[in-house]
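Participant: Quick one: structure below, then a few questions.
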Amino acid sequence: MLLERLGAGEDILGAFSSCAQKGMILARVAIAQRDLYYLLTEAGPVHAEPSGGLYYRTPSRSALPITGDWVAARIVGPEQALVEAVLPRRTCLSRRAAGAREEEQPLAANVDVVFLVCGLDGDFNLRRLERYLALVAASGASPVVVLNKADLCARLSDRIAETASIARGTPVVATSTLDPRGLDALRRFLTPGATIALLGSSGAGKSSIANRLLGEERFRTREVRMSDSHGRHTTVRRELTPLPGSGALIDTPGLRELQLWVKSESVDAVFEEISNIAENCKFRDCTHSGEPGCAVAAALEGGQVDAGRWASFQKLRAEAEWHESMADPLAALERKRKWKLIHKQARSFNKRDR
């Protein structure tokens, strides 16, 4: 059965049971472009749009169907359907919408494993990778760092070591789409019924990897610009495709801008070594900006924390806290009050030490 191959387990079937009694069918969203969808069903693919009732019940656009969603649909004509309900998402990859809006932009739903693809050419960037890891940590999916274009890298072992130092236990795999065995290390993550998503910048090789895993040239690819390894947007939409045997793969366009839509806990999980040190600070709400007894400041001075990684942590933590403050203004005011009290205590300690 197709939907079983795509990961329709007991949890999905249980959530769908009440809709089945109303004559609806279970489907998975393969493509979502604004309010038009391409659904995969047991009877074959259908084109669909949201029903008026779904629009009325949905609190925000982020809750409307996206690629990877399981939905309940009603057939209304030959290969035509209306989506009546979106089943609960197990995981959801989201970023903050581009521009000045404080709005969630979901990228893909019900993803089990995310291949974070970094090209081992001019695309290699550890600070960007930290940002991607925070996004995946917030989603509930499991990350795998894919260092693609290993054939172009003269210092492969060094790059793997550098990546492992910031990935902190996340699997790091070096690949090459030019080598017939270059993707063998990735295939162990293609477990039955699992959904794999590929994220990364343009030109990193996501579509080439997808084509090799699918065993066909499903997605268009283009050469990167040789002067700076810059890719050109060839993939223009997120698309779910069944994998041979079992499971599904979601290819995504390169992300020019990746503003975080995460909580502080997700950033702390990516920078676990800094979070663990911060637990030893004298003040529970230490901001690591001059308070007495700051364990992080001592670790920076002693070389236990890398200065570049600390700067990245501060930047991503600030983004997460801004997001939290916009979502809950009262909590932000309380946090600001606590910080003012901490700074006041710090000044009093400094005066006493003189």
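The values are calculated or read from the model by the stated rules, or taken from the named source; none is laboratory data. No experiment lies behind these values; they were computed from the predicted model shown. Here Cβ is always computed from backbone atoms with ideal geometry, including for glycine, and neighbour counts include all displayed protein chains.
Participant: In the stretch 179-221, which residues are farther than 18 Å from residue 247 by Cα, in contact with a Ser or Thr (Cβ under 9 Å, 6 or more places away or on another chain) and loosely packed, with under 14 Cβ neighbours inside 10 Å?
Facilitator: 220
Participant: Restricting the stretch 307-321 to residues that are out of contact with any Leu (no Cβ under 9 Å at 6 or more places or on another chain) and among the hydrophobic types (A, V, I, L, M, F, W, C), which is nearest to residue 103 (Cα to Cα)?
Facilitator: Once the filter is applied, the top-ranked residue is 318.
Participant: Give the residues of the stretch 265-277 that are closer than 18 Å to residue 302 by Cβ and either buried (at least 19 other Cβ atoms within 10 Å of the Cβ) or without any contact (Cβ under 8 Å) to a residue 12 or more places away in the chain (or both), sorted by residue number.
Facilitator: Answer for the stretch 265-277, where residues must be closer than 18 Å to residue 302 by Cβ and either buried (at least 19 other Cβ atoms within 10 Å of the Cβ) or without any contact (Cβ under 8 Å) to a residue 12 or more places away in the chain (or both): 271, 274, 275, 276, 277.
Participant: So which residues in the stretch 43-85 are of a type in the set (Phe, Trp, Tyr) and in a strand (DSSP E or B)?
Facilitator: Answer for the stretch 43-85, where residues must be of a type in the set (Phe, Trp, Tyr) and in a strand (DSSP E or B): just 70.
Participant: Is it the case, given these coordinates, that residue 94 is in a helix (DSSP H, G or I), among the hydroxyl-bearing types (Ser, Thr, Tyr) and out of contact with any Lys or Arg (no Cβ under 8 Å at 6 or more places or on another chain)?
Facilitator: no
Participant: Here is a follow-up. Would you check if there is a residue in the stretch 34-46 being under 28 Å from residue 324 (Cα atoms) and either at pLDDT 95 or above or not small (Gly, Ala, Ser) (or both)?
Facilitator: For the stretch 34-46, residues under 28 Å from residue 324 (Cα atoms) and either at pLDDT 95 or above or not small (Gly, Ala, Ser) (or both): present.
Participant: Quick check: anything in the stretch 283-296 within 30 Å of residue 208 (Cβ to Cβ), among the acidic types (Asp, Glu) and surrounded by fewer than 16 Cβ atoms within 10 Å (Cβ to Cβ)?
Facilitator: no
Participant: Could you list, in sequence order, all residues of the stretch 174-213 that are in contact with a Leu (Cβ under 6 Å, 6 or more places away or on another chain), among the β-branched types (Val, Ile, Thr) and not in a loop (DSSP other than H, G, I, E, B)?
Facilitator: Within the stretch 174-213, just 196 meets the criteria.
Participant: Further, regarding this structure: Taking the stretch 14-33 as the search range and keeping residues that are exposed (fewer than 15 other Cβ atoms within 10 Å of the Cβ) and outside any loop (DSSP other than H, G, I, E, B), which one is modelled with the lowest pLDDT?
Facilitator: 33
Participant: Is it true that some residue in the stretch 149-162 is in contact (Cβ under 8 Å) with a residue 12 or more places away in the chain and polar (S, T, N, Q)?
Facilitator: No - not one qualifying residue is present in the stretch 149-162.
Participant: Sort out which residues of the stretch 145-178 are buried (at least 18 other Cβ atoms within 10 Å of the Cβ) and basic (Lys, Arg), and write them in order of number.
Facilitator: 149, 159
Participant: Tell me which residues, restricted to the stretch 47-81, are touching a Gly at 6+ places or on another chain (Cβ under 9 Å) and buried (at least 21 other Cβ atoms within 10 Å of the Cβ).
Facilitator: 70, the sole residue that qualifies.
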